[in-house]
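K.L.:
My structure is below; once you've seen it, I'll send some questions.
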């Protein structure tokens, strides 16, 4: 089975599981060009765009992270199970209770990975910015292993 077909089947599965949540959230089709996606946060820092649902409420949601080059994200977890796809750039991702450069795996465009609920993980970018699309069933949260690593608003 081709890589593209596996990714397509994965998203079909996620979409089929989320059908009740889609119906509750909004039954209108959604199409946005990259320039129509609205991110929150400073342009020189990690930015988040909510493209579907509301991650703070029960139900299916999709967010896109825009992560600048040379950014490290400390070990943290989320309460919900999440699936992600690397949309652009090379995302360096690892699992564990602390940032461990040796545990990072380079995930190029088209790569998929999971963020199991309550499983600590960390990430960084190299010389290029990265876009990552993440979907899950809210509510979600972000809890850093070391509270001092929690980003300040």
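Computed from the coordinates by the stated procedures, all read-outs in this text should not be read as laboratory data. Computed from a prediction, not measured in an experiment: that's the story for all the values here. For neighbour counting, all protein chains shown are included, and Cβ atoms are generated from backbone atoms with ideal geometry for every residue, glycine included.
K.L.:
Just to verify a number: FRET efficiency for residue 51 and residue 90, C-beta to C-beta distance, R0 = 22 Å, to 0.05?
P.N.:
0.50
K.L.:
Classify segment 30-135 as rounded, prolate or oblate from the Cα gyration tensor: take a ≥ b ≥ c as the square roots of its eigenvalues, call it rounded if a/c is under 1.5, otherwise prolate when a/b beats b/c and oblate if not. Please report the intermediate quantities before stating the final value.
P.N.:
On the way: a/c = 1.73, a/b = 1.20, b/c = 1.44.
Verdict is oblate for segment 30-135.
K.L.:
Would you mind calculating the gained length between residue 145 and residue 112 on full extension (0.36 nm times residue separation, minus the Cα-Cα distance), in nm to one decimal?
P.N.:
Result for the pair: 9.5 nm of gain on full extension.
K.L.:
Once each part is reduced to its C-alpha centroid, what is the distance from segment 22-83 to segment 121-153 in angstrom?
P.N.:
Cα centres, segment 22-83 to segment 121-153: 11 Å.
K.L.:
A follow-up question, please. Say each of residue 152 and residue 71 gets a label point 7 Å from the Cα, pointing the same way as Cα to Cβ; how far apart are those two points in nm?
P.N.:
1.8
K.L.:
Please tell me the relative contact order of segment 88-153 in percent, rounded to the nearest whole number, where contacts are Cα pairs under 8 Å and at least six residues apart.
P.N.:
So the answer I get is 37 percent.
K.L.:
If I stretch the segment between residue 119 and residue 36 completely, what's the gain in nm (0.36 nm per residue apart, minus their alpha carbon distance), one decimal?
P.N.:
Contour length minus Cα-Cα distance gives 26.6 nm.
K.L.:
Listing 78, 118 from the residue with the fewest other Cβ atoms within 10 Å to the one with the most, what is the order?
P.N.:
118, 78
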